[in-house]
Amino acid sequence: MSGKRDRCGDEPCAWCDRDGWACRFCGGTGWWRPEMPERDAAGALNWVRVDEPCRMCGNTGKEHNPLEGPVPA
Ligand SMILES: [Zn+2]
Ligand SMILES: [Zn+2]
């Protein structure tokens, strides 16, 4: 497991400037662990857990798209 990034890459980004809003998708870790379907050699479907950088917060762990609430300018 790697760390998380300070910034999502969008500059300037008002969300990256904020603290205290944990990304609701990854819980603030910057990573999520979806289960992905994978077929083995026999053709059976298996679900494997993978670690991926959270796409919703750009791997920052900070909320970037709240459903409601004020949006910083
Ligand atoms: Zn950002
Ligand atoms: Zn996230």
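The numbers here are math on the coordinates, done by the rules we state, and not lab data. For clarity, every value in this text was computed on a predicted model and none was experimentally measured. Don't worry about glycine lacking a Cβ; one is built from the backbone with ideal geometry, like all the others, and counts go over all protein chains shown.
Quick notes on this structure:
- Checking each residue in segment 7-18 for being within 26 Å of Val50 (Cα to Cα) and either outside any loop (DSSP other than H, G, I, E, B) or within 13 Å of the chain's Cα centre (by Cα) (or both) picks out Arg7, Cys8, Cys16.
- Any hit, segment 26-47, residues being assigned to a loop (DSSP other than H, G, I, E, B), in contact (Cβ under 8 Å) with a residue 40 or more places away in the chain and not basic (Lys, Arg): no
- Filtered by the rule that a residue be under 9 Å from the mean Cα position of the chain (by Cα) and among the hydrophobic types (A, V, I, L, M, F, W, C), segment 19-56 gives Cys23, Phe25, Cys26, Trp31, Trp32, Cys54, Met56.
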